[in-house]
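Nothing in this text is a laboratory measurement; each read-out follows from the coordinates by a stated rule. As the structure is a prediction and not an experimental result, all values here were calculated from the model. FYI the Cβ positions are ideal-geometry reconstructions off the backbone, even for glycines, and counts take in every protein chain you see.
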Amino acid sequence: MTTNLIDVQNSDVIMATSNMAENHPVGFQWVMKAKERGAKLIHVDPRFTRTSSAADLHVPLRSGTNIVFFGGLIKYAIDNNLYFKDYVVHYTNASFLIDPEFKTATDGGGLFTGYDPAKKAYDQKSWKYQLDGEGNPKRDLTLRDPHSVFQLLRRHYSRYTVEMVERVCGIPKEKFVAAAKLFCENSGPEKTGSITYALNLTQHTNGVENIRALCMLQLVLGNIGRPGGGVVALRGHANVQGATDLAVLYQDLPGYHPVPLRDAHPDLKTYLEKTTPKTGFVVNRPKWVVSMLKAWYGDKATKDNDYGFDWIAKRASGDAYSHQHIFVDMYNGKLKGFFAIGQNPAVGGPNAKLAREAMQRLDWLVVQDIFLTETAEVWKAPGSSSRAAVSPKDVKTEVFFLPAAPAAEKDGTLTNTMRLIQWHEKAANPPGSVRSDAEHVYQIGLRLKTLYADSKAKRDQGILALTWDYGDQHPDILKVLVEMNGVALEELKDKAGKVLYKKGEPLKSFADLRDDGTTTSGIWIYTGATVWDAEGKVVNRTAGRKKADDKDYLAHGWGWAWPANRRIIYNRASADPHGKPWSEKKKFLWWDPEAPSNVPDKKGKWVGLDVPDFNAFLAPDAKGGDNPYIMRADGKGAFFGPLLDGPFPEHYEPVESPVKNLLSKTQINPTAKIWKVGDKKNELAAVGSAEYPYVITTYRLTEHHLSGVMSRYLPMLAELFESHFAEISHELAKELGIQNGEKVTVMTPRGKIHVKAMVTNRLKPFTIDGKKIHEIGVPWHWGYNGVAGLPGSKGDITNDLSATVGDPNVFIQETKAFLCNVKKGVV
Amino acid sequence: MARTLAMFTDTSLCIGCRACQVACKQWNELGMEVPEWTGTYQNHAHFTDQTFRLVRFIEEPKPTGDLAWLLMSDVCKHCAQAGCLEACPTGAIYRTQYGTVDINQDTCNGCRYCVSSCPFGVVAFNERTGTASKCTFCNDRIHNGLGPACAKACPTESIQFGFRDDLVKKAQQRVETLKGMGFKDAQLYGADSKGFLGGLNAFFLLLAKPGTYNLPESPKLPQRNVVVDSLLSIGSAVVIGLGALLAFRERGGGGGDA
């Protein structure tokens, strides 16, 4: 999230594209606060939900057409001169000139220049800036050059008309224009708007492009880095942000460094050379990576052994280990063992039936969770009216269960959706032999070290070299946090010889990290979370509980937000190029020419309501002084930003769609990943299939959590819904003769489920290019375990319906838009 | 008596998350109930002896053709003139020093008069304990300086807890604000202490007529009907009695020599 939930109260308009009231009810208090101040709320969702009930305007759109909606808004803003021109010119790459060879999808039948059908991938050689003699990108600040990003953007979205939005998304023209006016007219120097998103945008075969489209709309309107603006990225559950920060994804090391590749990065020097840009803030990567290796390997990491770079597991350039890759590989026998920590893929992932059958082929499976989940009992899954029982005799997998403690039974931190790290203290001891996840992992590490103690094998040396000293048997989590933060390994001095840090002192800022082995930091973005007080005692800033007040509405004393306790990132953009606030009303950070500088006898400093997201003493007119997007090499927000599927987001239909793509002859994302799985385990419905005529979208409810592990086992929560259900419009129910509460069969080429029909006015059929298209909705919380005595806490598994298909950049699944059939009764 | 405490439930801020309903169950250690199919997200259909806070989900098409999904967290109203309290023969139902209405489980004899005396269908009978039960206004919490569990759990401050007079002022301002924003049916329910039942200590801000939320427009105590009915009965009895006397008199007149 670029912003902070507290700041959403300053929005003049909020566009919720996700179902925020239901899935982020606590964060939604700030939307309600904004509304109390008179802000408008637009809710864009195929269904009328609890978020819509709070909205001024509900805009229903057919699932899988988000880019048409955002592209339509971008075009509307530009055509009606509602965009924020000064922001666009100075803070984005709109003025940059692109190689003349490059053509947009408007000129390529839905494809950009460089598509190779055999590889299903792009050759991106023309996707680049034109450079001047000194190697700097050429710019046209009038934005008129036909090769400027701005003109290419206009050309690209010229097809995304109001009429096209109506035909593809099914949003009536008047409703779209009302939403466009409301959002665009509440943006600009005097006003700001924010947009929320969650899995509604990500779980598509063009998930990353969906988000880019949203970000581009915010750039067009100048809504990023400013109070009340921003991209409100809502994470799927607590600490997803922390998990991604700490490299739960296969392609990242902690702090978002790319995982080294065994073919391309033979040593540390090559790795750093190839992954460090020449300009922008990421030029500091060597300091961050070396400090991370020092945190991991301590004294064993030396300059001579590349600080232990060889010990890191590396992947080949072509390898990927996403969730979907893992389960296809497991089904195909490539993976023999699996460790599921706090995850329930028997229910929660796409094509769950495939996932369960894959796990039934493993040699061993370890499940570490708070209840005996469906995954833990995958070897004896009971049958239902739609599904055969699994006989333990047929499953050779050896299954181990490690009982884990939930958050209330352990100390530690959660990093939430707004990058805020909050320490929590244990409220009660876990019962019996239940341990925290950290303790389970710590114990495994201790035992591996004992097991490998005498090993000379090269592959074991990394485990032996690992610093692993967080306590005798029970890890002290504060020690882990201090290691993540980083310390000075010796006394550190500045150039003038002044002592900056004593030996062993936690570092206050990632700016103090060094690449010579004298500093540690497990994750550079967390540096500053712990400091020393005057007596050399650790102060845990994530445990801070100072509430917001008139002087500090963003509550900088409550927890600690990465990076550098900054609450709104890219905040240079809150002032104009000269360093003055865009308006008095939206004043946030500004250049004070009279404030004392860090250089003696000089004046000038950035001051305001947050920590500057750049050098606080860099004058606005200095070189790079108007570059708010510091993590990008050019310092500018990217309209033109090459992803694997194109530099501008383009609409393609979902892999399973009821209609042909009206925007171009390219039906689906030409770079999408579609797995071929044997035994007909991943069959797909054809475009406009008569057998599977309805769009289905899957989602979550406030009362349940993910695959249900933290809700279906708790009577007070599990009783809130009578049973698993599908939401169906009155129109479709009438066509099929279905009554509210009647059992129905929902089927796709992958599987079927039996659920109750909830017939409602909250879903309506769409009119897509003149044709009536029905969409149904099915929550995915249910599985075969639950509360005894509460039959409705158990139910069929919605993800048995979804397919193994993915976005090309991150391989996320497409569970928000696919095709199904609905039949009355149990079929 | 201490200053009257109240809960103000502003339905315009309710997002139907049901945190109040769950917090109530958790704090008051209420048991699991097997739910019934209601056809919508609401569960349970009514207040029960194990459900003291209940979020109602009301789908209501607007005249514009758009949909409104009215969400309301309902609870015992803690009436100033409480039917349950007046009907209770044992004095088990009593008014606390803060103006709330609670049931002493030790002295309740299970007669159920209170169940039928509540104009809102709040009081339920617990078959297991043989006593009447309903929202206690978290009596244990408010006597220890805490607000009710439901108000504490509410993420959007749709349920507010405080002194009644303060909350009424706030609620009146909120109605004006909402009217200014175009919610022309915004209204308070039970805020007026001169209105029905002497005012409710758990009062509401509604976005539509009370009937839309299945609330009575002007609730009355069944006991008040008893007075009228009794008078009517007495009247009838008198008429019948007089008739009978007259009849006897006629008969008597006919047989004066008996």
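Hey, what's the Kirkwood Rh for chain B if you take every pair of different alpha carbons, in angstrom? Walk me through the numbers on the way to the answer.
Numbers: mean 1/r = 0.0491 Å⁻¹.
Hydrodynamic radius (Kirkwood, Cα pairs) of chain B is 20.3 Å.
Taking only complete DSSP H runs, can you tell me which helices of chain B stretch 15 Å or more along their own long axis by Cα positions and average at least 0.5 on the Kyte-Doolittle scale? The partial results should precede the final answer.
Numbers: long enough: B:164-180 (24 Å, -1.26); B:222-254 (47 Å, 0.71).
Membrane-span-like by this criterion, though nothing is claimed about a membrane: B:222-254.
By what distance, in whole Å, do the Cα atoms of the range A:217-289 stretch along each of the three principal axes, largest value first?
The principal-axis extents, from largest down, are 45, 31, 20 Å.
Could I have the simple spin-label model distance between A:V538 and A:D516, label points 7 Å from Cα toward Cβ, reported in nm to one decimal?
2.7 nm
Restricting to DSSP loop positions (anything but H, G, I, E, B) with no more than 11 other Cβ atoms inside 10 Å of their own Cβ, which GluC sites (Glu not before Pro) remain in the range A:406-473?
Details: sites: A:E409, A:E425, A:E439; in loops: A:E425.
Here the GluC sites (Glu not before Pro) that fit, given the DSSP loop and packing criteria, are A:E425.
Fully extended, how many nm does the chain gain between A:V240 and A:D601 (0.36 nm per residue separation, minus their Cα-Cα distance)? Write out the running numbers ahead of the final one.
On the way: separation 361, 0.36 × 361 = 129.96 nm, distance 4.66 nm.
Length difference between fully extended and current span is 125.3 nm.
Looking at the range B:64-160, which GluC sites (Glu not before Pro) are DSSP coil and have at most 12 other C-beta atoms within 10 Å of their C-beta? Display every interim value, and only then the final one.
On the way: sites: B:E86, B:E127, B:E157; in loops: B:E127, B:E157.
Of the GluC sites (Glu not before Pro), the ones in loops of the range B:64-160 whose Cβ has at most 12 other Cβ atoms within 10 Å are B:E127.
Restricting to the range B:5-213, compute how many DSSP beta bridges are antiparallel as a %, nearest 5.
Values: 24 of 28 bridges.
Taking every DSSP beta bridge within the range B:5-213, about 85 percent pair in antiparallel fashion.
For the protein assembly as shown, what log10 I(q)/I(0) values come out of the Debye formula at q = 0.05, 0.07, 0.09, 0.10 1/Å, with one point per alpha carbon and no solvent?
Taken in order of the listed q values, log10 I(q)/I(0) reads -0.36, -0.71, -1.18, -1.45.
For chain A, what is the calculated [θ] at 222 nm in deg cm²/dmol (nearest 500), taking -39500 (n - 2.57) for each run of four or more DSSP H residues and dividing by its residue count? Before the final figure, lay out the partial values.
On the way: 21 runs with 174 residues, N = 827.
My calculation for chain A gives -5500 deg cm²/dmol from helical runs alone.
Which net charge results for the neighbourhood of A:F401, defined as the other residues with beta-carbon distances under 15 angstrom from its beta-carbon, given Lys and Arg at +1 and Asp and Glu at -1? Each step should come with its number before you reach the end.
Details: positive: A:K380, A:R435; negative: A:D369, A:E374, A:E377, A:E398, A:D437.
The answer is -3.
Can you figure out the FRET efficiency of A:K334 with A:V441, using R₀ = 41 Å and their beta-carbon distance, to the nearest 0.05?
0.95
At q = 0.23 Å⁻¹, what log₁₀ I(q)/I(0) does a Debye calculation on the Cα points of the range A:40-133 give, no solvent, two decimals?
Reported log10 I(q)/I(0), two decimals: -1.19.
Round to a whole angstrom and tell me the spacing of the C-alpha centers of the range A:1-30 and the range A:472-490.
Cα centroid of the range A:1-30 versus Cα centroid of the range A:472-490: 34 Å apart.
Let me spell out the model: positive unit charges on the Cβ of Lys and Arg, negative unit charges on the Cβ of Asp and Glu, origin at the Cα centre of chain A. What dipole size does that give, in debye rounded to 20?
Values: 105 positive and 94 negative charges, 163 e Å.
With Lys and Arg at +1 and Asp and Glu at -1, about 780 debye.
Considering the alpha-carbon set of the range A:172-331 alone, what are its Rg and its Dmax in angstrom?
Over the range A:172-331's Cα set, Rg and Dmax evaluate to 20.8, 68 Å.
Quick one: check the C-alpha center-to-center distance for the range A:267-291 versus the range A:724-751, whole angstrom.
Using only Cα atoms to place each centre, the spacing works out to 55 Å.
In whole angstrom, note down how far apart the Cα centers of the range A:592-668 and the range B:26-96 are.
Going from one Cα centre to the other spans 50 Å.
So for A:K294, A:K508, A:K580, fewest C-beta neighbours within 10 Å to most, what's the order? Each step should come with its number before you reach the end.
Numbers: A:K294 29, A:K508 19, A:K580 12.
By the 10 Å Cβ count, ascending: A:K580, A:K508, A:K294.
Sort A:D645, A:D634, A:D7 so that the residue with the fewest other Cβ atoms within 10 Å of its own Cβ comes first and the one with the most comes last. The partial results should precede the final answer.
Details: A:D645 24, A:D634 19, A:D7 27.
Starting with the residue having the fewest Cβ neighbours, the order is A:D634, A:D645, A:D7.
Please arrange A:D512, A:D476, A:D123 by how many other C-beta atoms lie within 10 Å of their C-beta, fewest to most. Intermediate values should be presented prior to the final figure.
On the way: A:D512 19, A:D476 15, A:D123 11.
Taking fewest neighbouring Cβ atoms as first place, the list is A:D123, A:D476, A:D512.
Between A:E163 and A:H578, what is the label-to-label distance in nm when each label sits 7 Å out along the Cα-to-Cβ direction?
Using points 7 Å along Cα→Cβ, the separation is 4.5 nm.
Return the percentage of antiparallel bridges among DSSP beta bridges fully within the range A:5-236, rounded to the nearest 5 %. Let's see the in-between values first.
Numbers: 6 of 21 bridges.
Around 30 percent of the beta bridges assigned by DSSP in the range A:5-236 are antiparallel ones.
Expressed as a rounded percentage, what relative contact order does chain A have, with Cα pairs under 8 Å and six or more residues apart? Walk me through the intermediate numbers first.
On the way: 1841 pairs, mean separation 127.2, N = 827.
So the answer I get is 15 percent.
Taking a cut-off of 21 Å, what percent of all Cα-Cα pairs in the range A:5-236 are separated by more than that? Intermediate values should be presented prior to the final figure.
Numbers: 15300 of 26796 pairs.
Considering the range A:5-236, 57 percent of its Cα-Cα pairs are separated by more than 21 Å.
Straight distance only, please: which lysines reach the Cα of A:K449 with their own Cα at less than 27 Å, same-chain residues fewer than 8 apart left out?
A:K294, A:K300, A:K303, A:K314, A:K334, A:K336, A:K410, A:K458, A:K479
Are there trypsin sites (Lys or Arg not before Pro) in the range A:510-544 that DSSP puts in a loop and that have at most 14 other Cβ atoms within 10 Å, and which ones?
Numbers: sites: A:R514, A:K537, A:R541; in loops: A:R514, A:K537.
The qualifying sites are A:K537.
Out of every Cα pair in the range A:296-425, what percent are spaced more than 18 Å from each other? Before the final figure, lay out the partial values.
Numbers: 5561 of 8385 pairs.
So the portion of pairs separated by more than 18 Å is 66 percent.
Which ³J(HN,Hα) values, rounded to whole Hz and listed in residue order, are derived for the range B:133-149 from phi using the Karplus coefficients 6.51, -1.76 and 1.60 in 6.51 cos²θ - 1.76 cosθ + 1.60 with θ = phi - 60°, glycine and proline given as x?
9, 5, 3, 9, 6, 6, 3, 5, 6, 5, 7, 10, x, 10, x, x, 4
How big, on average over all directions, is the shadow cast by the Cα convex hull of the range A:723-764, in nm²? Please report the intermediate quantities before stating the final value.
Numbers: hull surface 12.3 nm².
That works out to 3.1 nm², a quarter of the Cα hull's surface.
Please list the helices of chain A that count as membrane-span-like by this rule: a mean Kyte-Doolittle hydropathy of at least -1.0 together with Cα atoms stretching 15 Å or more along the helix axis, each helix being a complete DSSP H run.
Working: long enough: A:66-79 (19 Å, 1.14); A:173-185 (17 Å, 0.22); A:207-220 (20 Å, 1.08); A:285-297 (18 Å, -0.15); A:437-451 (21 Å, -0.17).
In chain A, the long hydrophobic H runs are A:66-79, A:173-185, A:207-220, A:285-297, A:437-451.
What does the extension gain come out to for A:K493 and A:T270, with contour length at 0.36 nm per residue minus their alpha carbon separation? Display every interim value, and only then the final one.
Values: separation 223, 0.36 × 223 = 80.28 nm, distance 2.94 nm.
Length gained, A:K493 through A:T270: 77.3 nm.
Given a Förster radius of 22 Å and the C-beta distance between A:E398 and A:V827 as r, what FRET efficiency does 1/(1 + (r/R0)^6) yield to the nearest 0.05? Before the final figure, lay out the partial values.
On the way: r = 37 Å, r/R0 = 1.68.
For A:E398 and A:V827, the calculated efficiency is 0.05.
Could you work out how far apart the two model spin labels at B:S218 and A:V283 are, taking each label as a point 7 Å from the Cα in the direction of the beta carbon, and quote it in nm?
7.9 nm
Which is farthest toward the positive dipole end of the protein assembly as shown among B:G110, A:F150, A:L354, measuring Cα position about the Cα centre, with Cβ charges +1 (Lys, Arg) and -1 (Asp, Glu)?
Result: A:F150.
If a/c stays under 1.5 just call it rounded; otherwise compare a/b with b/c (prolate if a/b is bigger, oblate if not). Do that for the range A:673-824, with a ≥ b ≥ c from the square roots of the Cα gyration tensor eigenvalues. Intermediate results must be reported in sequence, preceding the final value.
Details: a/c = 1.87, a/b = 1.19, b/c = 1.57.
Judged from the Cα gyration tensor, the range A:673-824 comes out oblate (a/c at least 1.5, b/c at or above a/b).
From the backbone phi of the range A:233-249, what are the Karplus-calculated ³J(HN,Hα) couplings (6.51 cos²θ - 1.76 cosθ + 1.60, θ = phi - 60°) in whole Hz, Gly and Pro given as x?
Karplus values, whole Hz, x for Gly and Pro: 7, 9, 6, x, 6, 4, 6, 4, 4, x, 5, 5, 4, 8, 6, 6, 7.
For A:K665 and B:R95, what is the calculated FRET efficiency with R₀ set at 51 Å and r taken between the beta-carbons, to the nearest 0.05?
Values: r = 76 Å, r/R0 = 1.48.
Calculated transfer efficiency: 0.10.
Using only Cα positions of the range B:37-138, each an equal point scatterer, no hydration layer, compute I(q)/I(0) via Debye at q = 0.11, 0.20 Å⁻¹ and quote the log10 values to two decimals.
Summing over Cα pairs of the range B:37-138 leads to -0.40, -0.96.
Mind computing the radius of gyration and Dmax over the alpha-carbon atoms of the range A:572-627? Å is fine for both.
Both quantities, over Cα of the range A:572-627: 10.5, 34 Å.
Let me know the charge dipole size of the range A:572-627 about its Cα centre in debye, to the nearest 20, where only the beta-carbon of Lys, Arg (+1) and Asp, Glu (-1) is charged. List each step's numbers first, then the result.
Details: 9 positive and 9 negative charges, 13 e Å.
Result for the range A:572-627 is approximately 60 debye, rounded to the nearest 20.
Enter the mean number of other protein chain beta carbons within 10 Å of the beta carbon of each residue in A:47-53, as an integer.
On the way: counts 0, 5, 4, 8, 2, 4, 11.
Mean partner shielding for this stretch: 5.
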